[in-house]
Amino acid sequence: MDSPSLQSGPAAYLESLMRAGQQATKQFDDALAAAMGVEGKPAKGEDPSPFAVAANLQQQYWSPVMDFWRGFLAGTPAGANPDNRPSRDRRFKDEAWQNSPFYDLMKHSYLATAKQMADFVDQAQVDDKSKLQLRFYARQFIDAMSPSNFPATNPDVIRTAIQTRATSLVTGMQNLIEDLQKGRITRVDESAFEVGRNLASTPGSVIFENELIQLIQYTPTTAEVEKTPLVIVPPCINKYYLLDLGAGNSFVEYAVAQGHKVFLISWRSAVSETQYLTWDDYLNLGPLKAIDVARDIAGVEKVHALGFCVGGTILGCAAGVLAARGENRIATMTLLTTMIDFSDTGEIGLLIDDAAVALREATIGSGGILPGKELAFTFGTLRANDLIWRYVVDSYLKGAPPEAFDLLYWDSDSVSLPGPMYCWYTRNTYVENKLKEANATTQCGLRIDLSKVKVPLYVLASREDHIVPWQSAYRSKDILGKEARFVLAASGHVAGVINPPARKKRSHWINDDLNCDATEWLEKAREEPGSWWPDWDAWMKRHSTGTVRAPAQAGNDNYHVLEPAPGSYVKQKSN
């Protein structure tokens, strides 16, 4: 039977070409198999040859494209949207991606190609970690090559250029030049925010300062305050005001309003004179010193301690040092989206492997600075469509002004780290996962066993966290602390934590039975509407040592007010 010609119908002709290509691939595969001594079809349970796999993937690629053409030639393209609903993929939300055959085909071809590349990676005969790395880098390429990222193939960009008589393209080019000079993508209207005015605005005073931290004591808003103070250790890779974004959106403000006597560390971004600071320096000059200052000012033996993300890891290690010294100075510990066990680090762990850390050790391990912009870009690649390409399109292709969003401002306000500290951290966590092992690390001159940290523990994880997988955070209860309480918040690394109760958003899961793995815990957990903050406050109140009259002023005879909060360290910009 002759193959159909173009005159016999475009759809039939295209299908014949596809069948011919598949038959040629099969013949080539059969010939190669015969040459290699492989006869017939693979037995059940055996893998087919690489060429058969490739042919199958090719067929899967062409199938949706052919479905589109068959529908288009019949007058009902597969991509047509009868309800005129926007695409769930925000890159293709413009109606043209659904209603225009040209853009619909482009979208379907791109998505089919993306799936084919992902399938090729899945078929790769490599170890699990290599496959995860291949998936990550393939996704970076796939995301970058989306037709929505190019001016000639984005209908919204073309429409905007026509409507503005190309002014949008000129403005976009100006935005690109400015960002090249900055060395980063501008994602937020930086003129809309000011640290100390509408960010980090909870009243307080800096009552201690060294070369690494400023310690803030917040002004009470209740007549009585908890006798045992709360010391907060934010992540040192970001500015602390994520926990104090502004009135009505501040965890610090909430904690103060509940009667907690709050102290908070403000980390200094690395500069030339601090480029030699080590992990031990971060423990000694950071939480260990902050705990002693808070104890002195409050006139107590113990403090409540809370750490967020890397701040929680630092706090856990500081608690391990105190335990090794035999010093009982922590009453309770709260870990928010924190990893102690780095067995499963999510995608960020794919970028911090032995080779990458060895390179850093060779270049900045004995002194130097890891620029904050590098850290910010690394985190951005984990969600490139949301944190990189979205702003490339809006700013450079459409010339749109950046939006005013407090979280984006904070995320762009990066912090640099000293090389020695960063190298010790990544080597002993992401690469060798030593923190969870008894006596596997030496910190502050002592062998550290975190199982000796015997304090009541509150662990908060976020279900969609792409930086700290919630299952990893869950395992912290098995490494340190006692009488643990685990709560799982909805949303991601930041939004899951910053969720003021008054907004009545999202939810969280609770299950008092922790004698099970993470999967079973979630299966039996009870979902509660709203913020987890009241649950934490109730837990803290159950460990209260009583209240005292709120102090009339900050500090004491040993520690005087140096300047108003938020202090000067948080306002310094990193390179």
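The values are calculated or read from the model by the stated rules, or taken from the named source; none is laboratory data. These figures come from a predicted structure and were not determined experimentally. Here Cβ is always computed from backbone atoms with ideal geometry, including for glycine, and neighbour counts include all displayed protein chains. Each accessible area value is taken on the protein alone, full model and side chains, heavy atoms only, with ligands, DNA and RNA left out. Shrake-Rupley method; radii C 1.70, N 1.55, O 1.52, S 1.80 Å.
Odds and ends about this structure:
- Strands (runs of 3 or more DSSP E) completely within segment 223-275 that count 2 or more residues being at pLDDT 95 or above and within 18 Å of Asp413 (Cα to Cα): 262-267
- Selection from segment 443-490 of residues that are in a strand (DSSP E or B) and out of contact with any strand residue (DSSP E or B) (no Cβ under 7 Å at 6 or more places or on another chain): Gln443, Leu446, Arg447
- Residues considered: Ala550, Ala495, Ala538. Of these, the only one that is at pLDDT below 95, small (Gly, Ala, Ser) and surrounded by fewer than 17 Cβ atoms within 10 Å (Cβ to Cβ) is Ala495.
- Qualifying positions in segment 162-192 - touching a strand residue (DSSP E or B) at 6+ places or on another chain (Cβ under 9 Å) and either loosely packed, with under 12 Cβ neighbours inside 10 Å or outside any loop (DSSP other than H, G, I, E, B) (or both): Val188, Ala192
- Scoring Pro500 on the criteria (1) surrounded by fewer than 19 Cβ atoms within 10 Å (Cβ to Cβ); (2) touching a strand residue (DSSP E or B) at 6+ places or on another chain (Cβ under 7 Å); (3) not acidic (Asp, Glu) leaves a single failure, condition (2).
- Arg159 being over 30 Å from Ser574 (Cα atoms), at pLDDT 85 or above, open to solvent by 70 Å² or more (accessible area, probe 1.4 Å) and not in a helix (DSSP H, G or I): no
- Residues in segment 284-338 that are open to solvent by 10 Å² or more (accessible area, probe 1.4 Å) and small (Gly, Ala, Ser) were compared, and the one that is farthest from the chain's Cα centre (by Cα) is Gly299.
- Restricting segment 199-242 to residues that are over 20 Å from Ala298 (Cβ atoms) and over 24 Å from the mean Cα position of the chain (by Cα) leaves a set whose member that is surrounded by the most Cβ atoms within 10 Å (Cβ to Cβ) is Leu212.
- Tallying residues that are part of a loop (DSSP other than H, G, I, E, B), in contact with a strand residue (DSSP E or B) (Cβ under 9 Å, 6 or more places away or on another chain) and either on the phi > 0 side of the Ramachandran plot or surrounded by 18 or more Cβ atoms within 10 Å (Cβ to Cβ) (or both) within segment 405-438 yields 4.
- Filter pass, Val497 being closer than 23 Å to Glu226 by Cβ and either among the hydrophobic types (A, V, I, L, M, F, W, C) or assigned to a strand (DSSP E or B) (or both): yes
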